[in-house]
Amino acid sequence: MVIRRALLAAGLIATVILPANAEDKEIRIGALMAASGPAAFLGASQKNVFELLVEQINARGGMSGYKVKPFFYDTEGNGTLAAQQFRRLADSDNVSVVIGPSTTGESLAIRSVANEMKVPLISMAGAETVVVPPTPFVFKTPPTDRIVAEHLLDFMKSKGIHSIGLLSSNDGYGQAGASVVKEVASKTGMKIVAAEEFGPRDTDMTPQVLKIRSSGADALLIWSVNPGPTIILKNAAAVGFNKPIYNSYGAASPQLIEQAGAAAENSFVSSMRLLAPESLPADDPMRAVVSKLAEDYKTKYKSDATTFIGHPADALRLVEEAVKKTGSIDRAKLAEAMADGISFPGANGIFKFTADNHNGLDASSQSMVMLKIQNGKFVVVK
Amino acid sequence: MTLHKTSRLRRDWQILALVAALLALVEFCVSSQFHRSVIILSMIHSVAAVGLTLLVGYAGQVSLGHGAFVGIGAYTVAFCLQRLGLPVVFALAAAVVLPGILGFLIARPILRLSGHNLALGTLALGAVFYVVAAQVRDVTGGLDPGIVDLPSMAFAGLAHERVVFWLSIFALCLAAAIAASIVDGRFGRGLMILRSSELVAECIGMNTARAKSMIFAVSASLAGLSGGLLALYLRSFNASAFGVGLSIELLMMVIVGSLSTIWGAMFGSFAIIVLPNLLEGFDQAKQVVYGVAMILIMLFAPNGLGETLFRVFTFRRKSA
Amino acid sequence: MTALMEVDGLRAGYGSVEVLHGVSLSVREGEILALVGANGAGKSTLLNTISGFIRPSDGDILCRGHSILGRAPAVIARAGIRHVPEGRRIFAELAVEENLMLGGYGLDRERVLERMKWVYELFPRLIERRSQAAGTMSGGEQQMLAIGRALIADPKLLMLDEPSMGLAPIVVAEIFKLIVKLRDAHGLGILLVEQNAHAALRIADQACVLSLGCVVKQGTGAALLSDQTFIEAFLGGRSSV
Amino acid sequence: MTLQATLEIAGVSKSFGGVHAVADVSFFMARGEVTALIGPNGAGKTTLINLLTGVLPADRGTIRLDGRDLAGTPAYMRARAGIARTYQTPQMAQGMSVLMNVMAGAYRFGKHGLLGSLLRPWLVMADNEELAERAGTCLARVGVSEEWWGRPAADLPYGHQRRVEIARALAQDPKLLLLDEPAAGLNRSEADELASLLVSIAADGRAVLLVEHDMGMVMSISSHIVVLNFGRKLAEGAPETIKADKDVIAAYLGIVEEVA
Amino acid sequence: MFLQVVVSGIVVGCVYGMAALGFTIVYNATKIINFANGEFMMLGGVLLAGLVAAAKVPIPVGILAAIAGCALVGWVLQRGVLDGARNSDPLTLVMLTIGSALALRGAAALAFGRDVSFVPEFGVLPLVLLGNVYIPSQGLWIIMVLVVVSAALWYVFSRTMLGKAMRAASQEPRAAALCGIEPRRTAALAMIMAGSIGGLAGAMLAPMSAAFYENGIFLGLKGFAAAVAGGLGNPLGAVVGGLLIGLVESLTSGFVASGFKDAVSFMLLILVLILRPQGLVGKAVVRRV
């Protein structure tokens, strides 16, 4: 028994000494995505698009001449595992930068590790706590929940809505969203008259919808990823819920329309542009980026793009810009460059990364559009 | 006569000293943060697995909900550090005591169950904890963000990881020492009798109801200690770390190791934590591999893979 | 005339413990063979080996000349050897009639219904209880049900393991009467294992005394019964047997 | 009957769902004697043992050990008070050596419980030495030689398991030893050895209750025999009396009114 | 509103009832608690989604294929895994079925991907509106299928020889063998039945909530709760238990706090296990010794 453990330890030690053979002109990029587990709805497509984009970048000669060598690990949505994998990427795989992980919890679990090990991390988490206050090595590309909530509530207010019934899933996405919505609402003077939750695998949310109806809210705001919103839309239609229904970007996917059918008609979704490139005005600064991404994705994987694939795309773009700027793949230099005014139109908005804003987005970045479902299609509405 | 007399405890102490020395050696030799973290996690899980071995292996009571006690330990540490501002030592002590008390209280009703029903009941218990931990967001922070940014353990010039490493070595040795003195004393022998037959245990004078509660409490305490260490190490975590999956993983560590020695649990947790980290491209097939491995182990090595390998190994050597 | 069933030099046991050390006996049609002996002599082990639950390490079991060694219990049961186990083992949660029906599992339904009528004639008390859960009946009724369940399949050989166990004397008498009737009126071969040696020997044609896994005495029931040393042995210790 | 009664039972009854497993049984046992409890299968002998050890609660009646009423005393307390037993099928704990099994029997003499072993593990070692000593003595006494002590008890031959079980009970240093068919499955010479062992155990000043079907052994070593039938006491007395008792012969051989 | 909450509880309860039926059958025939039962439902959904979405198979054919697939898996599970451990202790059996569950989940992820996938509603049946209480079309499907399946099971277990043989084999396996019943065969049959019902239930559920390879744990746990509440081993109890759990959850989320409804049903499971192991609707079996 003891002997075996000694062997094991020896094996571990041996792998430490193994040289990390770096070829010339190669940038090693790590990716941590929740390709399985409860957050697989995020990670699965993110993994796909990451592979797709790396292929494309290498096909056109790499990032400023550096070929991308990708290292991917599945975090299963588990922060403990993600932290492990991060250390592995940093120590054994010797990457210059890490993209991911997919969820807020995992990103927070890694944040301190990234700063200690001095490896730039470009998270795909929604919550702003990941980059507020900014830490030297941590960045993120999705718009924060706050941006989304502000966009939604502003829009609702402009439509004369003053009280909201909030229906959120009790998983990480819903919980984080719900608390931001409550905060933003109290700031903008909107009233949350009912706040209900449901499990991500529940099959019938009628009781919650009824509770919200009887609360007299002017509108229903759903904060969840699919399939929850689909089921709620159907439940609401069936019980004759006649107030407008709004969804966060978590529900923004073509499947919402496919699944909910007529029940989805006339409901709203706050989304990044990726979902309805063709209904964007021709002069939209991000139209070119999102159209290409959505098309390429559909061509390769035979399924429609989700809004979540914008995150790794923008993250890779950020890396590329940083490499271009410094001409080096040194971790510290890259992080420095990223915090130093890199700016580009991405899938999630017009980014401008600064020392104070490691998200690169704010309310003026035009991250969000409001989509309305009309005749089975997403249409951008103002 | 001395051959089979009391050498067991002495032998266990010797193994313990060896393990401690080896781990300390590893601490000095390993420079990669990644490898260091793999070993830290293995040690932390070992603590809980050793406790579970006492419960499942020695006392014969299955628990499919021990992840809950790990979670309680982790949240206790977080609460003590962040809300109460207590020193780390007290936080860890609380992470041992609280799950212990809870375990003792729960044990009476839950251990009235046996066999399949006990497995079901403890599974449900773990699931209840998960739901509650995910929902009581005032205390736990829910699933997102959960507990964030516990203080770094960096101390006297040693980095966070190294401090945790030493702490884990200490905790693991403590857990093993406790377990060894239990199983090699009269209480441990009573437990082994209890596992075979509750009737016989009663008839040699053991208060079985109380004994089961006590050992449940001890294993809950060790799980709590493991959770407390995990919290200190990770600094940020959320309820998803303590779901049903963790409970099953802990049980697998026991089974992969051995049901009849506490050292098996260490082998089991190292195997379960280290292997996925060493094998490339293991992620995709992980669940299938785990599942099939579990089936094969239960069918062909029900005493634990570690123990069976050990037996085969020593048998070969003897016959050679 | 060949024997219904013949056991030849059977050795069997549990794990490493050998319980039967070479037992030979045979049962003919229309004959009761009583197997008596102290607890732990191996009587139940013998029956369990014949019905296929225990694989013998040596020896042979022949059913009308054909070896049934290594067959599954269900196959042996269908071959016409029916074992009424110790403790009756009726299906407690099922109704009496369902128990009987299951005795004829896999057989022609018409035949089963016919045989069931016959069983009800043998045990009129079961008719009243036909739809009652079997577990709620008295011990004697349960024993009758267990025997009835075995009879449904029209067996050639009936093996009864301690049919009198835990029953009041009056019920025991009734059951023994029935055993005799099954032999006389229906020509069954019966292997009867009994603690109640007196009762068993009085109705047995042939008898075997099993001790420590060996047949130590064999003869007609009447002969053994009149053998004073046998009675002495049974009460007075094994060394003299 | 000059000897002091170690165990007195009076009017003890137990029924399961209307069936009287033990009905109104009374007798007493003296220390230094082997008392035998005999009767056909299903007569209630094992149930009676379970009532004495406290594994089952009696419906009625009193059980006194050295004059102390045991009513309401749980099984483990009775074990600590000095009642030890063996089982119809030997109950060897899996994964434990012979010596450990017997050491486990000396449970009540261990000084350190769970907390003790946690706080002062070095005392556990001293404790173990002492218990091993005691266990070794008991094993030697039942004739299990030292070469067997380190082996897994469950892998032992049947006859040895029976002896280890008696050693385990002896390690409890019982006032009252209950033996449930200890000779079942033993061969003649083993049974004879067992018989003389039981006599010597009784000679220590313990009361021994022997449930046994081996009439040779019963008749040769017991001073007193109690016969149960259908849960009731059928007869009681010295071996010669019992041997001659018509009722006993009838019950044992089974007398059934005219058949056929 | 109360009525609507009750109706929605009934629909959810029917789903749990289906999950519970599988346990009940396997428990009835082998006294094993199959921790992999939830995976049958997961597989049913994933298979249907895969066939309908990827292979463009018509829905009825897809459902049949899902049932057949799950039945096959059940048979393999019994013959390949559980038969080899017939006389093992509960821990071994529990770990074997948990191992099987893990393997099935992993295999489903490998074969069908880790995406949430959707199946269109079956349609045909209308959406029923009674006053202001509505029953969704798919909910009607589920209720109907549950009624049919439980009636069929009731028939099998109380009217056919096969069903009785299965019950007999679980109560007294040796005595059953002495009657010519092969306990191994009835066990395999039970697992096939449980697989089919699980596959069917998973397929029925897929349009209501997406098919996903990790659905099995959740459905399995709820199925346990339902089966135990109804008294293990009683098909009728399983259905009643399912409805009970569904109602309790629905009422909890309608009138108390929606986030805790899972905890409430699992607490119910624990309490029933400890206080009324024969189930809330079952009665203790009276036996004379």
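The values are calculated or read from the model by the stated rules, or taken from the named source; none is laboratory data. These numbers were taken from a predicted model, which means no experiment stands behind them. Using ideal geometry, Cβ is built from the backbone for each residue, glycine included, and neighbour counts are taken over all protein chains shown. Ligands, DNA and RNA are stripped out before the accessible areas are found, and what is left, the full protein with its side chains, is counted by its heavy atoms. Shrake-Rupley method; radii C 1.70, N 1.55, O 1.52, S 1.80 Å.
Name the single residue, out of those in region E:1-28 being over 16 Å from the mean Cα position of the chain (by Cα) and open to solvent by less than 10 Å² (accessible area, probe 1.4 Å), that is farthest from the other protein chains (Cβ to nearest Cβ). Reasoning before the result, please.
Our first condition is that a residue be over 16 Å from the mean Cα position of the chain (by Cα); within region E:1-28, this holds for E:1-9.
Remaining after also requiring open to solvent by less than 10 Å² (accessible area, probe 1.4 Å): E:4-5, E:8-9.
Details: E:4: 6, E:5: 5, E:8: 4, E:9: 8 Å.
Ranking the candidates gives E:9 first.
Can you name every one of the strands (runs of 3 or more DSSP E) wholly within region D:1-85 that holds 2 or more residues which are at pLDDT below 90 and hydroxyl-bearing (Ser, Thr, Tyr)? Reasoning before the result, please.
Values: elements: D:5-16, D:19-30, D:34-38, D:60-65, D:83-85.
Output list reads D:5-16.
Residue-wise test of (1) in contact (Cβ under 8 Å) with a residue 60 or more places away in the chain; (2) within 14 Å of chain A (Cβ to nearest Cβ); (3) in contact with a Phe, Trp or Tyr (Cβ under 8 Å, 6 or more places away or on another chain); (4) open to solvent by 40 Å² or more (accessible area, probe 1.4 Å).
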| position | (1), (2), (3), (4) |
| --- | --- |
| E:189 | yes, no, no, yes |
| E:212 | yes, yes, no, no |
| E:220 | yes, yes, yes, no |
| E:229 | no, no, no, no |
| E:232 | yes, no, yes, yes |
| E:239 | yes, no, no, no |
| E:242 | yes, yes, yes, no |
| E:273 | no, no, no, no |
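Might you let me know whether region B:195-209 holds any residue that is within 20 Å of the chain's Cα centre (by Cα) and facing chain D (nearest Cβ under 9 Å)?
Of the residues in region B:195-209, the ones within 20 Å of the chain's Cα centre (by Cα) are B:195.
Still in the running and facing chain D (nearest Cβ under 9 Å): B:195.
Yes, because at least one residue in region B:195-209 is within 20 Å of the chain's Cα centre (by Cα) and facing chain D (nearest Cβ under 9 Å).
From B:241, B:231, grab the single residue that is more than 30 Å from residue B:193 (Cβ to Cβ), touching a helix residue (DSSP H, G or I) at 6+ places or on another chain (Cβ under 7 Å) and more than 7 Å from every other protein chain (Cβ to nearest Cβ). I'd like the intermediate steps shown before the answer.
On the way: B:241 fails: more than 7 Å from every other protein chain (Cβ to nearest Cβ).
Exactly one of B:241, B:231 is more than 30 Å from residue B:193 (Cβ to Cβ), touching a helix residue (DSSP H, G or I) at 6+ places or on another chain (Cβ under 7 Å) and more than 7 Å from every other protein chain (Cβ to nearest Cβ), namely B:231.
Scan (1) touching a Leu at 6+ places or on another chain (Cβ under 7 Å); (2) within 13 Å of chain A (Cβ to nearest Cβ) for the single condition residue E:32 breaks and write down its number.
Failed condition: (2).
For the structure I just gave you, tell me whether residue B:129 is more than 9 Å from chain D (Cβ to nearest Cβ), assigned to a helix (DSSP H, G or I) and free of Cβ contacts under 8 Å to residues at least 24 places away in the same chain. Let's see the steps before the verdict.
On the way: more than 9 Å from chain D (Cβ to nearest Cβ): yes; assigned to a helix (DSSP H, G or I): yes; free of Cβ contacts under 8 Å to residues at least 24 places away in the same chain: no.
The answer is no for residue B:129.
Restricting attention to region B:153-176, does a residue exist that is assigned to a helix (DSSP H, G or I), under 30 Å from residue D:91 (Cα atoms), modelled with pLDDT of 90 or more and within 14 Å of chain D (Cβ to nearest Cβ)? Walk me through how you get there before you give the answer.
Going residue by residue through region B:153-176, those that are assigned to a helix (DSSP H, G or I) are B:160-176.
Then drop every residue that is not under 30 Å from residue D:91 (Cα atoms), which leaves B:176.
Among the residues that remain, those that are also modelled with pLDDT of 90 or more are: B:176.
After this cut, where a residue has to be within 14 Å of chain D (Cβ to nearest Cβ) as well, the list is B:176.
Checking region B:153-176: at least one residue is assigned to a helix (DSSP H, G or I), under 30 Å from residue D:91 (Cα atoms), modelled with pLDDT of 90 or more and within 14 Å of chain D (Cβ to nearest Cβ).
Listed here are the residues, each with its yes/no results for (1) modelled with pLDDT under 90; (2) buried (at least 19 other Cβ atoms within 10 Å of the Cβ).
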residue	(1), (2)
B:150	yes, yes
B:183	yes, yes
B:204	no, yes
B:210	no, no
B:214	no, yes
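Keeping to region A:119-153, report how many residues are open to solvent by 40 Å² or more (accessible area, probe 1.4 Å) and within 13 Å of chain B (Cβ to nearest Cβ).
The number of residues fulfilling the criteria is 4.
Here is a list: A:94, A:115. Which entry is within 12 Å of chain B (Cβ to nearest Cβ), without any contact (Cβ under 8 Å) to a residue 24 or more places away in the chain, touching a strand residue (DSSP E or B) at 6+ places or on another chain (Cβ under 9 Å) and not aliphatic (A, V, I, L, M)?
Working: A:94 fails: without any contact (Cβ under 8 Å) to a residue 24 or more places away in the chain.
Testing whether each residue is within 12 Å of chain B (Cβ to nearest Cβ), without any contact (Cβ under 8 Å) to a residue 24 or more places away in the chain, touching a strand residue (DSSP E or B) at 6+ places or on another chain (Cβ under 9 Å) and not aliphatic (A, V, I, L, M) leaves just A:115.
Does region B:119-139 hold any residues that are under 16 Å from residue B:228 (Cα atoms) and open to solvent by less than 10 Å² (accessible area, probe 1.4 Å), and which are they? Steps first, answer last, please.
Kept after step one, since they are under 16 Å from residue B:228 (Cα atoms), are these residues of region B:119-139: B:133, B:139.
Result: B:133, single match.
What's the number of the only condition in (1) within 20 Å of residue D:100 (Cα to Cα); (2) open to solvent by less than 10 Å² (accessible area, probe 1.4 Å) that residue D:191 fails to meet?
That leaves (1) as the condition not met.
Within the set of pairs 6+ apart or on separate chains, which have a first residue in region B:174-197 that is free of Cβ contacts under 8 Å to residues at least 40 places away in the same chain, a second that is of a type in the set (Phe, Trp, Tyr), and C-beta atoms under 9 Å apart?
B:186/D:107; B:186/D:109; B:187/D:107; B:189/D:107; B:190/D:107; B:193/D:107; B:197/D:87
Quick check, is residue D:141 in a strand (DSSP E or B), under 22 Å from the mean Cα position of the chain (by Cα) and more than 30 Å from residue B:262 (Cβ to Cβ)? It would help to see each step written out before you state the result.
Details: in a strand (DSSP E or B): no; under 22 Å from the mean Cα position of the chain (by Cα): yes; more than 30 Å from residue B:262 (Cβ to Cβ): yes.
Spelling it out, it is not the case that residue D:141 is in a strand (DSSP E or B), under 22 Å from the mean Cα position of the chain (by Cα) and more than 30 Å from residue B:262 (Cβ to Cβ).
From the set of residues in region D:223-254 that are within 23 Å of residue C:204 (Cα to Cα) and buried (at least 16 other Cβ atoms within 10 Å of the Cβ), which is modelled with the highest pLDDT?
Across region D:223-254, the extreme among qualifying residues is D:248.
Could you figure out which of (1) assigned to a loop (DSSP other than H, G, I, E, B); (2) touching a helix residue (DSSP H, G or I) at 6+ places or on another chain (Cβ under 6 Å) isn't true of residue C:29?
(2)
Could you tell me whether region A:203-219 includes any residue that is within 20 Å of the chain's Cα centre (by Cα) and either more than 21 Å from residue A:271 (Cβ to Cβ) or buried (at least 24 other Cβ atoms within 10 Å of the Cβ) (or both)? Let's see the steps before the verdict.
We begin by selecting, within region A:203-219, every residue within 20 Å of the chain's Cα centre (by Cα); these are none.
Looking for residues that are within 20 Å of the chain's Cα centre (by Cα) and either more than 21 Å from residue A:271 (Cβ to Cβ) or buried (at least 24 other Cβ atoms within 10 Å of the Cβ) (or both), one finds none in region A:203-219, hence no.
Does at least one position in region A:154-171 carry a residue that is in contact (Cβ under 8 Å) with a residue 12 or more places away in the chain, within 14 Å of another protein chain (Cβ to nearest Cβ), farther than 14 Å from residue A:249 by Cβ and not in a strand (DSSP E or B)?
Within region A:154-171 (the criterion being in contact (Cβ under 8 Å) with a residue 12 or more places away in the chain, within 14 Å of another protein chain (Cβ to nearest Cβ), farther than 14 Å from residue A:249 by Cβ and not in a strand (DSSP E or B)), the answer is yes, since at least one residue qualifies.
Sort through A:259, A:255 and tell me the only one that's within 9 Å of chain E (Cβ to nearest Cβ) and either open to solvent by less than 10 Å² (accessible area, probe 1.4 Å) or farther than 22 Å from residue E:140 by Cα (or both).
A:255
Let me confirm something: among D:85, D:141, D:78, which residue is at the interface with chain B (Cβ under 7 Å from one of its Cβ atoms), more than 30 Å from residue B:177 (Cβ to Cβ) and either buried (at least 20 other Cβ atoms within 10 Å of the Cβ) or out of contact with any Phe, Trp or Tyr (no Cβ under 6 Å at 6 or more places or on another chain) (or both)?
Details: D:141 fails: at the interface with chain B (Cβ under 7 Å from one of its Cβ atoms); D:78 fails: at the interface with chain B (Cβ under 7 Å from one of its Cβ atoms).
Result of the check over D:85, D:141, D:78: D:85.
Would you check which residues across region C:120-155 are under 16 Å from residue C:178 (Cα atoms), among the charged types (D, E, K, R) and within 14 Å of chain E (Cβ to nearest Cβ) and list them?
Across region C:120-155, the qualifying residues are C:141, C:149, C:154.
Restricting to region C:180-199, name every residue that is within 22 Å of residue C:226 (Cα to Cα) and assigned to a helix (DSSP H, G or I).
The answer is C:180, C:197, C:198, C:199.
Looking at region A:172-211 only, could you name the residues that are in a loop (DSSP other than H, G, I, E, B) and either of a type outside the set (A, V, I, L, M) or farther than 30 Å from residue E:219 by Cβ (or both)? Quick ask: steps written out before the conclusion?
Of all residues in region A:172-211, those in a loop (DSSP other than H, G, I, E, B) come to A:189-190, A:199-205.
Answer for region A:172-211, where residues must be in a loop (DSSP other than H, G, I, E, B) and either of a type outside the set (A, V, I, L, M) or farther than 30 Å from residue E:219 by Cβ (or both): A:189, A:190, A:199, A:200, A:201, A:202, A:203, A:204.
Out of all the residues in region E:72-100, which are open to solvent by less than 30 Å² (accessible area, probe 1.4 Å) and at the interface with another protein chain (Cβ under 7 Å from one of its Cβ atoms)?
In the first step, residues of region E:72-100 are kept if they are open to solvent by less than 30 Å² (accessible area, probe 1.4 Å); the result is E:74, E:77-78, E:81-83, E:85, E:91-100.
Hits for region E:72-100 are E:81, E:85, E:91, E:92, E:94, E:95, E:96, E:98, E:99, E:100.
Looking at residue A:313 and the list (1) under 15 Å from the mean Cα position of the chain (by Cα); (2) at negative phi; (3) open to solvent by less than 10 Å² (accessible area, probe 1.4 Å), which single condition is not satisfied?
(3)
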